Amino acid sequence: MKSRKFMALLLGASLTIGTLAGCGGSEKETAKTTEQAATEASDKGEDKSEETKTTDGTEGISQDSGKALDYEGVTLSVVLAQGWDTPGREALFQKYTDKTGVQFDVQMLPDDMASELIKTKFATEELPDIILNSGSVIEHTYMLPDERLVDLTEEAWTDQLISKDSFMVDGKIWGIPLGGQGFFAFAVNKKVFADNGLDIPTSKEELEQCFETLKKNGVQPMYLASKDPWVVGNMTSGGIQKALDKDPQLIEKLNKNEVKYQDIPGMVEVLEDLRRWNEAGYLGDNTMADSWDGEYQAFGENKCGVTIGLTTWDVTMEEKYPGSAENMELIPFYIGDSDTYFAGTTAQWYIPKSGKYVDIVKDFFQFAAEQENLNAFYGAMGEASTPWKDVEVDCLAPTKQLIEKLNSGEYSYHFGHNSLVQGQDFDGLCKLAQEVLIGNKTAQEGVKEYDQMRAQIAKALGLSGF
């Protein structure tokens, strides 16, 4: 397995990206490191006194004021969800501690409560020095960036992003993207399929035929982890894909209330498929008892045919169940009218304005963006794509095959509607999707209710047409 460089997914309103670098061979994009930028600035006679520097490991220079930073006795408070944590995070914190003496006090939130707890922290303004959230301020409108967050647009590390514009909201960058830009997919257990005489499906129709065979043979067709709302909501990611292919102005129309989600057949069909699959027994006896953590055992012990996977998930699976990566194939989200992979949103780290050590957190972000530290962070994660230039990562067989299929044009990908359309309450959508899944609402009722929910948010945001 060779270490290669991967291009980023561009997560803005544009739905086009550059070629993804595969695990085989691809032209490398060279990054400007902070040192190179400083050298160039010096050659041009530019004043770069605002760039972060370190001296003896206990003092740095504030990027904003040019004043020396005092690291002595500083402890940065950090809040994140357990499921959003990454293998390289502790090592990155420790390396900064070793260099500066700054300590980190991490509050790890349980996955099933994290979204609501973070929303509450923003509402009550009880915010830490660093807060990690699973998406952007478009997806989480309650973050109120102009009021609550530090503007990071002019930070030196932003020049190391492959696409600065992709992380801008209203022309500003509010967080540093330290996470993977992974692809979500249906993970097929090749052994279970082979044992039941099944080929890897290439359409929703074929997938459902496989589900029916597995059910008849006493095997749980799909382990959906419906106990965790975000997994169910995740299925709606491609709900507008086909409609957007037909109408490039769809996002703008949704943002102006000229079109509603209930008008988009694919969005309704996703929820209808979930309800129908559950009623047919394709999701097991009690899908609402199945959790994200339980997926590892279900897949690793060959107790299901298909589950939800993503690039990096194969790395964790391999650690827990050696050999499972070779037993996995990642196929597109065949649900609703979608037939592509889901390009997920990068988790971002934000600096609340109310933080006690804003300049030191900025200094830490610049430290994290040093090329050596980015390589170590993403190398530990094993992610197949990053938002940063020239980052080296390894990948396992399922991810390698997925990238090869994307590069060859055999398959494509979609962006989640909630990262494109304004006025989202993704937590609310996830809960509505659960209600439809278990039959408490029809698919049309669920989508209509979400339109109403979104309209209230859009009005508060001042979007025209609502």
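Of everything in the stretch 98-131, what is assigned to a strand (DSSP E or B) and of a type outside the set (V, I, T)? Give them in sequence order. Break it down into steps so the answer makes sense when it comes.
First pass over the stretch 98-131, keeping only residues assigned to a strand (DSSP E or B): 103-109, 130-131.
If the condition is that a residue be assigned to a strand (DSSP E or B) and of a type outside the set (V, I, T), then Q103, F104, D105, Q107, M108, L109 are the ones that fit.
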- prompt: Of the residues K44, K95, K67, K99, which single one is farther than 30 Å from L429 by Cβ and modelled with pLDDT under 50?
  reply: K44
First in the stretch 138-164 and touching a residue at least 12 places away in the same chain (Cβ under 8 Å), second anywhere and among the acidic types (D, E), Cβ under 6 Å, 6 or more apart: A156/E51
query: Which ones in the stretch 132-155 are modelled with pLDDT of 90 or more and among the charged types (D, E, K, R)?
result: D146, E147, R148, D151, E154, E155
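Among the candidates D314, D293, single out the residue that is more than 20 Å from A397 (Cα to Cα) and among the acidic types (D, E).
Values: D314 fails: more than 20 Å from A397 (Cα to Cα).
Of the residues listed, the single one that is more than 20 Å from A397 (Cα to Cα) and among the acidic types (D, E) is D293.
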message: So if I check each of P128, P87, P110, which one is at pLDDT 80 or above, more than 28 Å from M317 (Cα to Cα) and under 23 Å from the mean Cα position of the chain (by Cα)?
response: P128
- prompt: Can you tell me how many residues in the stretch 214-240 are over 23 Å from G439 (Cα atoms) and either small (G, A, S) or at pLDDT below 95 (or both)?
  reply: 1
task: Take the stretch 416-427 and flag every residue that is in contact with an Asp or Glu (Cβ under 9 Å, 6 or more places away or on another chain) and either under 20 Å from K253 (Cα atoms) or open to solvent by less than 10 Å² (accessible area, probe 1.4 Å) (or both).
output: G416, N418, S419, Q424, F426
query: Considering the stretch 131-150 alone, what residues qualify as being more than 25 Å from C430 (Cα to Cα) and touching a Pro at 6+ places or on another chain (Cβ under 8 Å)?
result: R148, L149, V150
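Does the stretch 257-268 include one or more residues that are among the aromatic types (F, W, Y), open to solvent by less than 20 Å² (accessible area, probe 1.4 Å), under 22 Å from I138 (Cα atoms) and assigned to a helix (DSSP H, G or I)? Break it down stepwise before answering.
Within the stretch 257-268, the first condition is being among the aromatic types (F, W, Y), and the residues that meet it are 261.
Imposing the further condition that a residue be open to solvent by less than 20 Å² (accessible area, probe 1.4 Å) reduces the set to 261.
This time we only want the ones that are under 22 Å from I138 (Cα atoms), so: 261.
Filter once more, keeping what is assigned to a helix (DSSP H, G or I): 261.
Taking every residue of the stretch 257-268 in turn, at least one turns out to be among the aromatic types (F, W, Y), open to solvent by less than 20 Å² (accessible area, probe 1.4 Å), under 22 Å from I138 (Cα atoms) and assigned to a helix (DSSP H, G or I).
Could you please let me know if L283 is outside any loop (DSSP other than H, G, I, E, B) and surrounded by 20 or more Cβ atoms within 10 Å (Cβ to Cβ)?
no
Determine whether L396 is under 16 Å from A325 (Cα atoms), touching a residue at least 12 places away in the same chain (Cβ under 8 Å) and open to solvent by 10 Å² or more (accessible area, probe 1.4 Å). So that I can check it myself, show each step before the final result.
Values: under 16 Å from A325 (Cα atoms): yes; touching a residue at least 12 places away in the same chain (Cβ under 8 Å): yes; open to solvent by 10 Å² or more (accessible area, probe 1.4 Å): yes.
So L396 fits the description; yes.
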- prompt: Taking the stretch 309-322, which residues are open to solvent by 10 Å² or more (accessible area, probe 1.4 Å), in a loop (DSSP other than H, G, I, E, B) and either modelled with pLDDT under 95 or within 21 Å of L406 (Cβ to Cβ) (or both)?
  reply: T312
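Would you say K253 is in a helix (DSSP H, G or I) and either surrounded by fewer than 19 Cβ atoms within 10 Å (Cβ to Cβ) or at pLDDT 95 or above (or both)? So that I can check it myself, show each step before the final result.
Working: in a helix (DSSP H, G or I): yes; either surrounded by fewer than 19 Cβ atoms within 10 Å (Cβ to Cβ) or at pLDDT 95 or above (or both): yes.
Yes; evaluated as a whole, the condition is true for this residue.
Go through the stretch 103-137 and report how many residues are within 25 Å of D170 (Cβ to Cβ) and either acidic (D, E) or touching a residue at least 60 places away in the same chain (Cβ under 8 Å) (or both).
If we filter the stretch 103-137 for residues that are within 25 Å of D170 (Cβ to Cβ), which is where we start, we get 115, 118-125, 127-137.
Subset that is either acidic (D, E) or touching a residue at least 60 places away in the same chain (Cβ under 8 Å) (or both): 115, 119, 125, 127-136.
Residues in the stretch 103-137 being within 25 Å of D170 (Cβ to Cβ) and either acidic (D, E) or touching a residue at least 60 places away in the same chain (Cβ under 8 Å) (or both): 13 in total.
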- prompt: Could you say whether any residue in the stretch 406-424 is modelled with pLDDT under 90 and farther than 30 Å from V259 by Cβ?
  reply: yes
task: For S291, state whether it is open to solvent by less than 20 Å² (accessible area, probe 1.4 Å), small (G, A, S), over 27 Å from R148 (Cα atoms) and in contact (Cβ under 8 Å) with a residue 12 or more places away in the chain.
output: no
message: As an exercise: evaluate R148 against (1) closer than 24 Å to H417 by Cβ; (2) more than 21 Å from the chain's Cα centre (by Cα) and give the number of the one condition it does not meet.
response: (1)
query: Can you tell me which residues in the stretch 193-213 are touching a Cys at 6+ places or on another chain (Cβ under 9 Å) and either under 11 Å from L283 (Cα atoms) or charged (D, E, K, R) (or both)?
result: D199
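The values are calculated or read from the model by the stated rules, or taken from the named source; none is laboratory data. Please read these numbers as outputs of a predicted model, since none were measured by experiment. No Cβ is skipped: glycine too gets one built from the backbone with ideal geometry, and neighbour counts run over all protein chains shown. Areas reflect the complete protein model, heavy atoms only, side chains present, ligands, DNA and RNA absent. Shrake-Rupley method; radii C 1.70, N 1.55, O 1.52, S 1.80 Å.
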